[in-house]
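Only the coordinates and a few stated rules stand behind these numbers; no lab work does. Since this is a predicted model, take the numbers as computed values, not measurements. Backbone-built Cβ (ideal geometry, glycine too); neighbour counts: all protein chains shown.
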Amino acid sequence: NWDAFHNTIYDNPYLSKDYIDSIKDDSSEDEFNVEYLANESAHAGTLVSEFNYGRHVIECENKGILVRGLDWGIQHPTACLWAYVGNNNVYICDEFEKSGLVIPESCGVIKNITADRKVEWSVIDPSMNKRDKNNVNRKELDEFNRNGIWVVPGDNRNRGYDILKMFFKKDMIKIHPKCRNLINQLKTVQYGQTTGEDLLDCLRYLLVRVHDLMFGGNLFPKDEVQPKRLPGHYNLNDPMFGIKREVGMEWANCSSGD
């Protein structure tokens, strides 16, 4: 003697459709399907189920502010992504991922790929902000700075995964087709995976910093907001952008479309 019931948030007579739609807009696709529609996820285990090759992989014009996201490892590969940010969009235009290189070698490759383009800031795995065990007077990220790649530590909190997924859900990110390794990781990396996800880590650090500094920290309603700024407006001379920029820039109070 048993029975089975399947009820969704739409079956709740006390919630309006507008309210439910606001929850849907503020949730990742997987979260809404599982938590509010009580459906098994079609992308069970996939970290970025919101990624869609047809919508998110496209050749775009390189316009906006150029920034970089980095991840460095001794056993893991060193990875780097280049992105242009403008008009409320992020465009990933280049990637680098290679094992077996010491920091000066990696910095040389990154500088060669960057060429003469002006980089506003570079964000790196925050674990690099700890003291070097071989030199207590220097942090590990100082080695990047010493080799001409000026970096600031990223935000590695779990909020970064929500921000990453929402950029894809809102179609606010595009990726050049040549970034094949990043595209492959977006399609295949699973929750809890600790290898083969280095470019995704770069993307997460980069998007969190873009979100907090360039989009005012409250682009998506459920975010843990930073000190409030006007969305879409920022000051390029703000010291929060970085310790030191590689190329001096005099712009100030620019909108994200400038």
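Output the pairs from Lys111/Lys139; Lys111/Lys187; Lys63/Lys118 with a Cα-Cα distance over 23 Å in this structure; if there are none, say none. Spell out each step's value before the answer.
Details: Lys111/Lys139 21 Å; Lys111/Lys187 28 Å; Lys63/Lys118 12 Å.
From Lys111/Lys139; Lys111/Lys187; Lys63/Lys118, over 23 Å: Lys111/Lys187.
What percentage of all Cα-Cα pairs in region 4-125 are separated by more than 16 Å?
Values: 5395 of 7381 pairs.
Roughly 73 percent, once rounded to a whole number.
Using only the alpha-carbon atoms of region 60-115 as identical scatterers, what base-10 log of I(q)/I(0) does the Debye formula give at q = 0.16 Å⁻¹?
-0.50
What percent does the relative contact order of region 23-142 come to when contacts are Cα pairs within less than 8 Å and at least six residues apart? Don't skip to the end; give the middle numbers.
Numbers: 136 pairs, mean separation 22.2, N = 120.
Worked out over region 23-142, it gives 18 percent.
Which order do peptides 95-108, 70-83 fall in by mean Cβ count within 10 Å, highest first?
Details: 95-108: 16.3, 70-83: 21.4.
Descending mean neighbour count gives 70-83, 95-108.
To the nearest Å, what is the center-to-center distance of region 84-154 and region 30-79, using C-alpha atoms only?
21
Among 188-197, 5-14, 162-171, how do they line up from the highest to the lowest mean number of other beta-carbon atoms within 10 Å? Display every interim value, and only then the final one.
Numbers: 188-197: 12.8, 5-14: 9.4, 162-171: 20.9.
Listed from highest to lowest mean packing, they are 162-171, 188-197, 5-14.
Excluding Glu50 itself, what net charge comes from residues whose Cβ is under 14 Å from its Cβ, given Lys and Arg +1 and Asp and Glu -1?
On the way: positive: Lys24, Arg55, Lys165, Lys169, Lys170, Lys174, Lys187, Arg204; negative: Asp25, Asp26, Glu29, Asp30, Glu31, Asp162, Asp171.
Its environment carries a net charge of +1.
For region 8-64, which GluC sites (Glu not before Pro) pass both filters: DSSP loop (anything but H, G, I, E, B) and at most 10 other C-beta atoms within 10 Å?
Values: sites: Glu29, Glu31, Glu35, Glu40, Glu50, Glu59, Glu61; in loops: Glu40, Glu50, Glu59, Glu61.
For GluC sites (Glu not before Pro) across region 8-64 that sit outside H, G, I, E and B with at most 10 neighbouring Cβ atoms in 10 Å, the list reads Glu40, Glu61.
Around Gly196, with a cut-off of 13 angstrom between Cβ atoms, what is the net charge of the other residues, counting Lys and Arg +1 and Asp and Glu -1?
Details: positive: Lys187; negative: Asp71, Glu97, Glu197, Asp198, Asp201.
That sum, taken over residues with Cβ under 13 Å, equals -4.
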